[in-house]
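What follows is a set of notes on a single structure, which appears directly below.
The values are calculated or read from the model by the stated rules, or taken from the named source; none is laboratory data. This structure is a prediction, so every number in the text was calculated from the model and none was measured. Counting neighbours? That spans all protein chains shown, and the Cβs are built from the backbone with ideal geometry, glycine included. Keep in mind that these areas ignore ligands, DNA and RNA; they rest on the heavy atoms of the full protein, side chains included. Shrake-Rupley method; radii C 1.70, N 1.55, O 1.52, S 1.80 Å.
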Amino acid sequence: MIATMAIELALAAYTFIRIKKFPVKNIAVATLVMLAVFQLAEFLVCQSYRGIDSLLVSRIGFVAITFLPPLGLHTANAIAGRKRNWSTITGYALAGAFAVYFALASNSINESICSGNYVIFHLGQFANLTYSLYYYTLLGGIIALSVYLAITAKNKSTKAALWWLLIGALAFLIPTGVVYFVVDSSASGIPSIMCGFAVIYAIVLALRVVPLASRKK
């Protein structure tokens, strides 16, 4: 968890320093930082530090990853040069609502258990149903939007950046899906497992997507 967090923060710093002012750069840095915050939350859950409230840090972690789907939509739209797109606006609005819920509702997460390789989160019934619907719908939206924009893009670098964004998304979604179907007890640990594999997405985002998107031609 700490190693993954360190990689994501290093990639965020690299992107911030290496890439000149560009809309996709800021979105990518925010994405990488949010991923790192969740990894830190997991680490704290798995430690027995005196005074650390595991449910509190879990809620902080969920607030962070709640913004990842709209950040993905925003990334795709920004690469294609689409500003104030309805998908991005709707995504952030939904993320904001869930973030407030996780931040303020004490029963949003009932239990956090460290299993060693990942953390198992037991969400409240309302959160479990609605949050899963929100998350997987927007992740599907990122895939569909990336494909559509990549096919219709005329600029070669833009097209390549969008295809790499799709590759990055699939690179963590497919392994997560495999674990879900192979390991019977993994359902409650999917957020943790997904964010573990998301380090692949972080690498692709920082080293391929952002550099390609920042090119003029």
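Rundown of residues vs (1) of a type in the set (Gly, Ala, Ser); (2) in contact (Cβ under 8 Å) with a residue 60 or more places away in the chain; (3) touching an Asp or Glu at 6+ places or on another chain (Cβ under 9 Å); (4) farther than 30 Å from residue 144 by Cβ, yes/no style:
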| position | (1), (2), (3), (4) |
| --- | --- |
| 61 | yes, no, yes, no |
| 69 | no, yes, no, no |
| 80 | yes, yes, no, no |
| 85 | no, no, no, no |
| 91 | yes, no, no, no |
| 97 | yes, no, no, no |
| 102 | no, no, no, no |
| 114 | no, yes, yes, yes |
| 129 | no, no, no, no |
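Being without any contact (Cβ under 8 Å) to a residue 24 or more places away in the chain, surrounded by fewer than 23 Cβ atoms within 10 Å (Cβ to Cβ) and under 17 Å from the mean Cα position of the chain (by Cα) is a description that applies to residue 29.
Going through 197, 181, 172 one at a time, which residue ends up being farther than 14 Å from residue 32 by Cα and touching a helix residue (DSSP H, G or I) at 6+ places or on another chain (Cβ under 6 Å)? Give the derivation first.
Details: 197 fails: farther than 14 Å from residue 32 by Cα; 181 fails: touching a helix residue (DSSP H, G or I) at 6+ places or on another chain (Cβ under 6 Å).
Step by step, each of 197, 181, 172 is checked, and only 172 is farther than 14 Å from residue 32 by Cα and touching a helix residue (DSSP H, G or I) at 6+ places or on another chain (Cβ under 6 Å).
Every test in (1) in contact (Cβ under 8 Å) with a residue 24 or more places away in the chain; (2) open to solvent by 30 Å² or more (accessible area, probe 1.4 Å); (3) under 14 Å from residue 203 (Cα atoms) is passed by residue 3 save one, and that test is (1).
Give the stretch 32-59 a look and list any residue that's touching a residue at least 60 places away in the same chain (Cβ under 8 Å) and within 15 Å of the chain's Cα centre (by Cα), or say none. Explain how you work it out, then say what you get.
Step one: filter the stretch 32-59 for residues touching a residue at least 60 places away in the same chain (Cβ under 8 Å), giving 32, 35, 38-39, 42, 45-46, 58.
Residues satisfying the conditions are 32, 35, 38, 39, 42.
Residues in the stretch 10-21 that are in contact with a helix residue (DSSP H, G or I) (Cβ under 7 Å, 6 or more places away or on another chain) and open to solvent by 50 Å² or more (accessible area, probe 1.4 Å): 14, 16.
Answer yes or no: is there a residue in the stretch 139-149 that is surrounded by fewer than 20 Cβ atoms within 10 Å (Cβ to Cβ), touching a residue at least 40 places away in the same chain (Cβ under 8 Å) and under 13 Å from the mean Cα position of the chain (by Cα).
Yes, that holds for at least one residue.
Do we have any residue at all in the stretch 153-160 that's open to solvent by less than 40 Å² (accessible area, probe 1.4 Å) and under 18 Å from residue 67 (Cα atoms)? Working first, answer last.
As a first pass, look at the stretch 153-160 and keep what is open to solvent by less than 40 Å² (accessible area, probe 1.4 Å): 153, 157-158, 160.
Narrowing further to those that are under 18 Å from residue 67 (Cα atoms): none.
Looking for residues that are open to solvent by less than 40 Å² (accessible area, probe 1.4 Å) and under 18 Å from residue 67 (Cα atoms), one finds none in the stretch 153-160, hence no.
With 76, 64, 41 as the choices, which residue is farther than 25 Å from residue 104 by Cα, surrounded by 18 or more Cβ atoms within 10 Å (Cβ to Cβ) and not acidic (Asp, Glu)? Before the answer, list the steps.
Working: 64 fails: farther than 25 Å from residue 104 by Cα; 41 fails: farther than 25 Å from residue 104 by Cα.
Selected residue: 76, the only one of 76, 64, 41 that is farther than 25 Å from residue 104 by Cα, surrounded by 18 or more Cβ atoms within 10 Å (Cβ to Cβ) and not acidic (Asp, Glu).
Of all residue pairs spaced 6 or more apart or on separate chains, those with beta-carbon atoms under 8 Å, a first member in the stretch 14-26 that is at pLDDT 85 or above and a second member that is open to solvent by 100 Å² or more (accessible area, probe 1.4 Å) are 25/16.
If we keep just the residues of the stretch 44-58 that are closer than 23 Å to residue 101 by Cα and either touching a strand residue (DSSP E or B) at 6+ places or on another chain (Cβ under 6 Å) or of a type in the set (A, V, I, L, M) (or both), which is surrounded by the fewest Cβ atoms within 10 Å (Cβ to Cβ)? Within the stretch 44-58, the match that is surrounded by the fewest Cβ atoms within 10 Å (Cβ to Cβ) is 52. Do we find a residue being at pLDDT below 85 and either open to solvent by 20 Å² or more (accessible area, probe 1.4 Å) or within 30 Å of residue 17 (Cβ to Cβ) (or both) anywhere in the stretch 205-214? No, the stretch 205-214 contains no residue that is at pLDDT below 85 and either open to solvent by 20 Å² or more (accessible area, probe 1.4 Å) or within 30 Å of residue 17 (Cβ to Cβ) (or both).
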